[in-house]
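None of the figures in this text is laboratory data; all of them are computed from the coordinates on show. The shown structure was predicted, so the numbers you read here are calculated from the model rather than taken from an experiment. Using ideal geometry, Cβ is built from the backbone for each residue, glycine included, and neighbour counts are taken over all protein chains shown.
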Amino acid sequence: MISKYILFGLTFMASVISYGQTVYSVDYESRADVKVFVVDYESRADLLVYKVDYESRAKGNDGKWFFVDYESRADKKIFFVDYESRADLKIYFVDYESRAGWKNKAKKQLLY
């Protein structure tokens, strides 16, 4: 009986560790963990983001995001703001996975 609980706990911890960048876009700013603004130029971004197709590819805190369908499945809830000055984090979406990553490492703690 105890081994079932240990197995469940280990499975849960492994899933939390392996899917570090699952995000959900909320409808209200007050529900967000992080307010995000999408910039027009890569040079103005804090983080270069690549949207991965599979949740298993969104490991770590390296700019590879997987957008989940349910808020409860997300590691971070984000809200897209209309003005750069209102954002906690400025992102730029890149076309290649190899381009994803932090440009301003001081902001990295926002997604832990």
For this session: Amide H neighbours of LYS103 under 5 Å, at least 5 residues apart or on other chains, H built in the peptide plane: list them.
Result: LEU47, LEU48
Problem set entry | Proximal aspartates and glutamates to LYS51, defined as alpha-carbon separation beneath 13 angstrom and excluding residues fewer than eight positions away on the same chain | ASP62, ASP95, GLU97
Exercise. Quick one: Karplus J couplings for region 67-80, per residue in order, coefficients 6.51, -1.76, 1.60, θ = phi - 60°, nearest Hz, x for Gly and Pro?
Worked result: 7, 8, 8, 10, 4, 5, 8, 8, 7, 9, 9, 10, 10, 7
Exercise. What nm distance separates the two modelled labels at GLU42 and LYS59, each placed 7 Å from Cα along Cα→Cβ?
Worked result: 2.5 nm
Seminar exercise, completed: Quick calc: nm separation of the 7 Å Cα→Cβ label points for LYS107 and VAL34 -> 0.9 nm
